[in-house]
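The values are calculated or read from the model by the stated rules, or taken from the named source; none is laboratory data. Model, not experiment: these values are computed from the prediction. As a convention, Cβ positions derive from the backbone with ideal geometry for all residues, glycine included, and neighbour counts pool all protein chains shown.
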Amino acid sequence: MMWKDKYKIGIPLVDKQHKELFDRVEKFVEALRKDEEWDAKLPEIKKTLAFMKNYVVEHFDDEEVYQRKIGYPLQKEHHLIHKDFTEYVMQCAASFEKEGYPEKGVQQFAGKLLAWLINHVVATDLKMSEFVKKDGDL
Ligand SMILES: [Fe+2]
Ligand SMILES: [Fe+2]
């Protein structure tokens, strides 16, 4: 399991979405590692990219709505990080579609997706719950 309880930041909706993201990325990485022809992996690759394009945006939006609700002081910075990553995902998806899902590019994308996700959750998203805890009343 790639998801670990230590990645929980203590905001139930966000934790649930993070777990879903980790689970999907895990399935994706496993599918890429399978000992079979690259072409056989294309349906899973396409499915994951379609899911990511929707779910990443949905998750980022939900997180940002929550930040506005709690008056989070780092909203702007956090939004820009989300925006950059959304653009990266969209660009990769578009170019893979055009280029026929090249193995090297897709493998690199999967690695980056996983690394980014862990990093963002444990460093950037965690700051939201630290703010909530410090503020005390939420
Ligand atoms: Fe997040
Ligand atoms: Fe975030």
query = Looking at this structure, is F60 more than 14 Å from M128 (Cα to Cα), modelled with pLDDT of 95 or more and either surrounded by 15 or more Cβ atoms within 10 Å (Cβ to Cβ) or in contact with an Asp or Glu (Cβ under 7 Å, 6 or more places away or on another chain) (or both)?
reply = no
message = Quick test of your reading of the structure: Y88 fulfils all but one of (1) over 22 Å from M2 (Cβ atoms); (2) surrounded by 13 or more Cβ atoms within 10 Å (Cβ to Cβ). Name the failing condition by number.
response = (1)
